[in-house]
Amino acid sequence: EKAFAQMNGGYNAIGNGGNWEYGMETLTGRESHTHDSATLPFADVEKALKKNQPVVINTLRASTAEHTAALTSLNLVGWHSYSIVDSKKEKGEEWVKLSNPWGNNHPGASAADRKDDGGWIRYSDLVASGILQGTAIGEGTRPIRG
């Protein structure tokens with residue numbers, strides 16, 4: 001994210017929304033495709049992760065009380081992108097693990113917004129929350145996590 005911000009005029013230039021597909025394509029050098037999160041099967045996310053493809057979700061702006069409540073209940077920030085870095089099935093339920101590119105030290109973020117990891121979230125809760133703008137899956141491979 002820092003490199004992308006530097007390439008595109010800083011955090012203020014990229015912090016007001018945009019196409020996360022473009023960001024992914026810039027960073028990986030490969031094409032990506034956006035899917036409707038409400039209809040994207042968990043199996044497709046799981047398959048992409050097994051193929052080591054990058055998977056990114058984008059949350060909606062917290063513009064209604066319902067969006068704010070859903071974001072809060074999932075411990076997520078509105079108008080933001082998260083990487084899905086892992087998936088699992090446990091006791092008949094499907095889960096995804098989110099990673100926040102902000103880490104703990106995003107400039108200008110309030111203490112409440114400094115979430116270094118979205119953590120494990122039940123996929124059905126994430127999809128049903130109504131707070132996803134879309135899910136992008138890249139054709140390249142994910143960068144090394146660390």
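Below are the figures for this structure:
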item: N12-A69 pseudo-label distance in nm [points 7 Å out on the Cα-to-Cβ vector]; result: 3.7
item: 16 Å Cα-Cα reach of K50 towards lysines, excluding residues that sit fewer than 8 places from it in its own chain; result: K88, K89, K97
item: Rg(Cα) / (2.2 N^0.38 Å) computed for the stretch 8-63, rounded to two decimals; result: 1.30
item: In Hz, Karplus ³J(HN,Hα) per residue of the stretch 32-49 (6.51, -1.76, 1.60; θ = phi - 60°; x = Gly, Pro); result: 9, 9, 8, 10, 6, 4, 5, 10, 7, x, 3, 4, 5, 5, 4, 4, 4, 5
item: Other-chain or far-sequence residues with amide H under 5 Å of D86's (modelled H); result: K97
item: For the stretch 56-64, 3J(HN,Hα) per residue [Karplus equation, 6.51 cos²θ - 1.76 cosθ + 1.60, θ = phi - 60°, Hz, x = Gly/Pro]; result: 10, 10, 10, 8, 6, 5, 6, 9, 10
item: Net length gained if the chain between A3 and H33 were fully extended (0.36 nm per residue, minus Cα distance); result: 8.6 nm
item: Loop sites in the stretch 28-95: trypsin sites (Lys or Arg not before Pro), DSSP, at most 14 other Cβ within 10 Å; result: R30, K51, R61, K91
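Where a number appears in this text, it was derived from the coordinates with a stated rule and is not lab data. The structure presented is a predicted model; accordingly, all values stated were derived computationally and were not measured. Cβ atoms come from the backbone with ideal geometry, glycine included; neighbour counts cover every protein chain shown.
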